[in-house]
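Presented below is the structure to which this report refers.
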Amino acid sequence: MSEKELLIQYRIAGDLDLLGKLYAPYMSLLYGVCFKYLQDVDKSQDAVMQIFEELIRKLRIHEVDNFKSWLYTFSKNFCLMQLRKGKGTHYVDIDEQVAIGNDYLDESDPKEWSESQFEKLESCMLTLKPEQERCIRLFYLEQKCYKDIVALTGLDMNQVKSYIQNGKRNLKICMENK
């Protein structure tokens, strides 16, 4: 069965064997992603298992088109949340996949963000207009394309592009002022 068929069958039946077949080929990739962020062998192994446990519920309610990219993003966000729970004891390399504004980070000088910087980002997200915040979260954190955001929000394409562009600019200004 293809990944798409496995996803559909799992959503219908909830059979963990199907989910296992879907997840198994990506376990080593996910371990690498987790290790990149968590920088600890045991925590990374635990995270791979915890992600599987999260998928049991998440894949029953979320419709996923591209499993590999969705799983990568989900895993990355899972690890970032683990780091946030650590209350600033760890630092994370922020790459272009995570950065809300690529202009904000100088790619020639990679920066590490601490817990306080993530908190600043979250507080800045709350200063955005609700439409901007939603579009930013869908585009950057959930990695939805413009077309998907249009479908999810009911906004037109130009509004989505505008909210993302303006939201990104407002986030950059807020982050620089805090």
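The values are calculated or read from the model by the stated rules, or taken from the named source; none is laboratory data. Just so we're clear, the structure is a prediction, and the values are computed from it rather than from any experiment. Counting neighbours? That spans all protein chains shown, and the Cβs are built from the backbone with ideal geometry, glycine included. We work out accessible area using only protein heavy atoms, side chains counted, and drop any ligands, DNA or RNA first. Shrake-Rupley method; radii C 1.70, N 1.55, O 1.52, S 1.80 Å.
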Counting only protein heavy atoms and leaving out ligands, DNA and RNA, the solvent-accessible surface of Arg11 at a 1.4 Å probe, in Å² to the nearest 10, equals 90
Got a sec? What order do Val160, Val150 fall in by accessible area at 1.4 Å, biggest, i.e. largest, first? Val150, Val160
Based on the alpha-carbon gyration tensor of the range 113-178 and its eigenvalue square roots a ≥ b ≥ c, which shape applies: rounded if a/c is under 1.5, prolate if not and a/b is larger than b/c, or oblate? prolate
Taking loop as defined by DSSP and a crowding limit of 11 other beta carbons within 10 Å, which GluC sites (Glu not before Pro) in the range 8-93 fit? Glu63
Which entries of Lys43/Lys129; Lys58/Lys178; Lys4/Lys120; Lys21/Lys120; Lys21/Lys144 show an alpha-carbon separation above 32 angstrom in the structure shown? Lys43/Lys129; Lys58/Lys178; Lys4/Lys120; Lys21/Lys120
Taking a probe of 1.4 angstrom, what is the accessible area of Asp65 in Å², to the nearest 10? 120
